[in-house]
Amino acid sequence: MPELPEVEHVRRRLARWMKGARIVRVDVLDTRMVRPTKPAVFVDALTGRTVTSIERRGKWLRLRLDDDHRVFAHLGMTGWFEHERAADRSNPHAAVGHHLRFERVRFVVTKRAKRDAIVYVDPRRWGRLIFSRDDIASWTDLGPDPLADGIDLDALAARLARRKRASIKEVLMDQTVIAGIGNIQAAESLWKAGIDPRSPASRIGRADLVKLAAALRWTIERTLKDLAGHAKSPFRVYGRNRLPCSRCGATLERFELGGRTTTYCPACQRPL
Ligand SMILES: [Zn+2]
């Protein structure tokens, strides 16, 4: 499932292709993707508009149009955007007839006299493209984004203190506490900070909070670099059960927490 770094990677690509571009045609190939808006209304609202900005908060993207209306995009489990030049047929996502495999919505845009297609692809169809005249609750209810807003230690401490019984890992994944952290970024940052993921969130002290904030930035930056093709594998614990800890050499272990599998180092990640 895409988390903050994956969605930020998508945002940067989309900004390159679509910022300042005029939407000249929209094809909704799967009507479920644009719910609750009717496809004809979606097409009508976007056609002829220019995209003025593409922002991200947590796992949500917001495309602003020149009439101040917006499209909110969530990639769900398997969504992403592809860029297709008119004559580009070397795309690895096996074109089926005219369309890409699992293509759901196609935007034809013009930018600097060039005409391109931006295609929303989503095999499992859990993503959404929501047209709205205003911000939606899924966007406004999000907590601060570590990359876009930075991490305010006092605000974070207050939010963590409020969660008496919940584990630190579960609270990190609560989108109203910090936006964009999922299973992978939570496991990685808690490893970096040396904190046992099961520790009660409310028990964190100032020194560990400082470490955790730095760890969050570290893992996000690492994953972003990996996505841009500059690192081998960004992960130190995720998917590494039974392998040695890269910090202390102990064997990594796995347990279930809130229905999610978590890998951690029993030697160098301590309870709070
Ligand atoms: Zn270790």
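The values are calculated or read from the model by the stated rules, or taken from the named source; none is laboratory data. What you see is a predicted model; the values in this text were computed from it and never measured. FYI the Cβ positions are ideal-geometry reconstructions off the backbone, even for glycines, and counts take in every protein chain you see.
Could you give me the residue pairs with C-beta distances under 8 Å whose first residue belongs to the range 234-257 and is among the hydrophobic types (A, V, I, L, M, F, W, C), whose second residue is more than 10 Å from the ligand (Cβ to nearest atom) and assigned to a loop (DSSP other than H, G, I, E, B) wherever it lies, and which are 6+ apart or on separate chains? Filtered contacts from the range 234-257: 252/240; 252/241; 252/242; 252/243; 255/198; 257/197; 257/198.
Restricting attention to the range 232-265, the residues being more than 21 Å from residue 173 (Cα to Cα) and either among the β-branched types (Val, Ile, Thr) or assigned to a loop (DSSP other than H, G, I, E, B) (or both) number 12. Could you pull out the residue among 64, 11, 22, 49 that is within 19 Å of residue 111 (Cβ to Cβ) and free of Cβ contacts under 8 Å to residues at least 24 places away in the same chain? Result of the check over 64, 11, 22, 49: 64. In the range 187-209, the residues that are closer than 18 Å to residue 219 by Cα form Cβ pairs under 7 Å with partners that are away from the ligand (no atom under 16 Å from the Cβ) and assigned to a loop (DSSP other than H, G, I, E, B), at six or more places apart or across chains, as follows: 195/272; 208/272. Being on the phi > 0 side of the Ramachandran plot and modelled with pLDDT of 95 or more narrows it down to one of 242, 270, 198, so name that one. Only one candidate passes the filter, namely 242. Across the range 176-229, which residue is nearest to residue 139 (Cα to Cα) among those that are within 16 Å of the ligand (Cβ to nearest atom) and of a type in the set (Asp, Glu)? Among them, the one singled out is 188. The residues in the range 31-64 that are crowded, with 17+ Cβ neighbours inside 10 Å and either under 25 Å from residue 8 (Cα atoms) or out of contact with any His (no Cβ under 9 Å at 6 or more places or on another chain) (or both) can be counted, and the count is 20.
Counting the residues of the range 245-267 that are hydrophobic (A, V, I, L, M, F, W, C), surrounded by 13 or more Cβ atoms within 10 Å (Cβ to Cβ) and either at pLDDT below 90 or within 13 Å of the ligand (Cβ to nearest atom) (or both) gives 5. Here is the figure for the range 140-166: residues that are in contact with a Lys or Arg (Cβ under 6 Å, 6 or more places away or on another chain) and buried (at least 20 other Cβ atoms within 10 Å of the Cβ) total 1. Set side by side, the residues 193, 186, 201 differ, and just one is crowded, with 21+ Cβ neighbours inside 10 Å, within 16 Å of the chain's Cα centre (by Cα) and of a type in the set (A, V, I, L, M), which is 186.
Residues that are of a type in the set (Val, Ile, Thr), assigned to a helix (DSSP H, G or I) and out of contact with any strand residue (DSSP E or B) (no Cβ under 8 Å at 6 or more places or on another chain): does the range 42-58 have at least one? No, the range 42-58 has no match at all. Regarding residue 168, is this residue under 17 Å from the mean Cα position of the chain (by Cα), more than 16 Å from the ligand (Cβ to nearest atom) and within 23 Å of residue 6 (Cα to Cα)? It is false that residue 168 is under 17 Å from the mean Cα position of the chain (by Cα), more than 16 Å from the ligand (Cβ to nearest atom) and within 23 Å of residue 6 (Cα to Cα). Taken residue by residue, the range 80-88 has no member that is of a type outside the set (Phe, Trp, Tyr), within 30 Å of residue 149 (Cβ to Cβ) and at pLDDT 95 or above.
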